[in-house]
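What follows is a single structure, written as structure tokens, with notes after it.
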Amino acid sequence: MRYNNRLGAKGWVIGGNYSIERYLYILHRVSGLALIFYLMCHLILTSFRIAGAPTWEAAMAFVSGPFFKVGEFLVMCAGVYHAINGLRLIIIELGYCIGKPERQEYPYTPSIKKQRPLMYLLMLVVAALVAVSVVDFFIM
Amino acid sequence: MERKTIVFKIQRYAPNQDKEPYFKSYEVPVEQGMTILECLWYIKENLDSTISFRSSCRMGICGSCAMFIQGRPRLACETQTLELKSSTIEIKPLPNYDIIKDLVVDQRNLFRNHKKVKPYIISEKATSNPTKEYIQSVAQLEQYLQFNYCLKCGCCLAACPTMATDTNFLGPQALAQAFRYNTDSRDRAGNARFQIVDTFEGIWRCHMAGACSDACPKGVDPAMAIQLLKRHSIFGSRKEYSDYAGPLPKNRRPDIPDAPAPTVKGARTNGRGNGKGKKGRR
Ligand code: HEM
Ligand code: SF4
Ligand code: SF4
Ligand code: FES
């Protein structure tokens, strides 16, 4: 009897002892799913407009608390991260910024290390945009 | 010399005996220079002969000894125990494979997928009895050389998050080999291989998490191979093909000296020696 040792969804989430891109991968998946979830909530909420002004006012009042404000901020973060990291994935999955095949000497420099400057640059862009939205959401 | 007693926490599982894998600890006196594989042999020879693991070459060539050491897939024979800088070391079998016993996993899935991508040179020009060599430049060689060093150890499949859930995914090892043969200037079966890898079970299941390249003990970089396959799938590849060498010039260049006489009497030469050797039987 063999023992099935496939990690399952745990294998997506637990980044293990690997590089940071392994964590960006799961964050991309979670943010993508979060955006779909938001989109569905958003469609349901805005559809209350059909039922007339009073229902719409009530629906708007329901989502006006601090809980939903933080929620919207998280959606903003997810959107910013997903879009910018998605840009990185498009670039590197098309074979740009990952270097060329070459003879390897230990310690190896695989593609994932070669794309790292791009990754840092784009993560700085994410941080800057999140900082702007902190100001926009909570300070101004 | 540095000496240290290190506790090895090793995952055990005996088929038809244990329901679930469990951990067993062993104390090993480790000297500087001892690899994880040597420690496992110490345990098997001195502490517990029932423990099972695979190894053969003990020099990072055969790919038998891949296991999950301190949270990463590594070759046991290429991992210096003291360099892990820990007084307890946890060893598990590679994840994403079925466990046969203890640290021995079933790698049939890896080899099946490896075979699926036609990992050999296919060329309508090739015959089973070639009379000339191919001409391949250093630049053409370096297009695929890096991927040629794959041991089929399976570390990359253990690291890959897609492999954790998708039983049909071809996996980084096989996909890297598809790229290796597709970029070989002698090979002409790129389209046939694309039929197999340019699919949802192939390159498009890879999300470029890069863990495979991070884990590969040979610097093969399967993630790069897969992204370049995606690129070739979308933009096409501008591949150079190499042909058989032309006929040798009749008159040898004067600056090339004669080959020395064969040192073994009666050794086969192909008739191109200095004429003193026997003509090769063909
Ligand atoms: C500028 C906008 C966006 C860009 C550049 C972008 C880019 C990407 C890319 C490149 C992938 C594939 C990643 C991979 O190879 O694994 C992806 C996956 C995904 N995206 Fe987006 N995306 C954007 C907007 C959105 C939006 C608005 C949603 C939700 C409504 C969304 C939901 C998802 C989901 C669920 C996945 C699958 C994640 C996975 O398989 O891990 N994306 N996105
Ligand atoms: S690509 Fe690297 S990790 Fe994967 S099987 Fe080959 S040598 Fe092992
Ligand atoms: S880069 Fe692709 S094949 Fe390699 S570990 Fe990530 S998902 Fe798997
Ligand atoms: S024993 Fe051959 S690679 Fe480790």
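The values are calculated or read from the model by the stated rules, or taken from the named source; none is laboratory data. What you are looking at is a predicted structure, and each value in this text was computed from that prediction instead of being measured. Glycine also receives a Cβ, built like all others from the backbone with ideal geometry; neighbour counts cover every protein chain displayed. Remember, those area values only see protein heavy atoms, side chains included, never the ligands or the DNA or RNA. Shrake-Rupley method; radii C 1.70, N 1.55, O 1.52, S 1.80 Å.
Per-structure values
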| quantity | calculated |
| --- | --- |
| Pairwise burial A:B, computed as accessible area of each alone minus the pair, summed, 1.4 Å, Å² | 3900 |
| Per residue value of the accessible surface for the protein assembly as shown (all protein chains in place, 1.4 Å probe), Å² | 56 |
| Surface share of carbon and sulfur [accessible, 1.4 angstrom probe, percent] for the range B:68-222 | 49 |
| For B:Leu151, residues with placed amide H under 5 Å, excluding near neighbours | none |
| FRET efficiency estimate (nearest 0.05) - Cβ-Cβ, A:Leu45 to A:Leu118, R0 30 angstrom | 0.20 |
| Hz values of 3J(HN,Hα) by residue in the range B:6-16 - Karplus curve (6.51, -1.76, 1.60), Gly and Pro given as x | 10, 8, 9, 9, 10, 6, 10, 7, 10, x, 6 |
| Chymotrypsin sites (Phe, Trp or Tyr not before Pro) lying in DSSP loop within the range A:52-140, provided at most 16 other Cβ fall within 10 Å | A:Tyr96, A:Tyr108 |
| Calculated over the range B:42-132: convex hull of Cα atoms, volume per residue (Å³) | 168 |
| Within chain B, longest stretch clear of exposed chymotrypsin sites (Phe, Trp or Tyr not before Pro) (DSSP loop, no more than 16 other Cβ within 10 Å) | B:1-119 |
| Beta bridges per DSSP with both ends in the protein assembly as shown, % antiparallel, nearest 5 | 80 |
| Estimated distance in nm for a label pair at B:Ser123 and B:Ser137, the labels positioned 7 Å out from Cα along Cα-to-Cβ | 1.6 |
| Measure of compaction for chain B (Cα Rg per 2.2 N^0.38 Å) | 1.29 |
| Sparse-neighbour loop sites [GluC sites (Glu not before Pro); the range A:57-140; at most 15 other C-beta within 10 Å; DSSP] | A:Glu102, A:Glu105 |
| In the range B:63-134, the GluC sites (Glu not before Pro) that fall in loop regions by DSSP, at most 14 other Cβ within 10 Å | B:Glu124, B:Glu133 |
| At least 40 Å² of accessible area lost relative to the chain alone, listed for the range B:79-96 with a 1.4 Å probe | B:Asn96 |
| Most mobile listed residue (A:Val80, A:Val125, A:Val70) in chain A, GNM with C-alpha springs under 10 Å | A:Val70 |
| Quarter of Cα convex hull surface for chain A, i.e. mean projection, nm² | 14.5 |
| Student exercise, chain A dipole from Lys, Arg, Asp, Glu Cβ charges, in Debye to nearest 20 | 640 |
| Links that overshoot a 19 Å alpha carbon limit, given the list B:Lys118/B:Lys218; B:Lys92/B:Lys218; A:Lys113/B:Lys92; B:Lys125/B:Lys239 | B:Lys118/B:Lys218; B:Lys92/B:Lys218; A:Lys113/B:Lys92 |
| Top of B:Gly190, B:Gly71, B:Gly60 by mean-square fluctuation, Gaussian network on chain B, Cα under 10 Å | B:Gly71 |
| Shielding by partners, peptide A:24-34 (average Cβ within 10 angstrom, other chains) | 2 |
| Rough spin-label spacing in nm, given labels placed 7 Å along Cα→Cβ, for B:Asn16 and A:Lys69 | 6.8 |
| Share of alpha-carbon pairs per 20 Å distance bin for the protein assembly as shown, given as whole % | 21, 41, 29, 7, 2, 0 |
| Average partner coverage of B:211-218, which counts Cβ from other chains inside 10 Å | 6 |
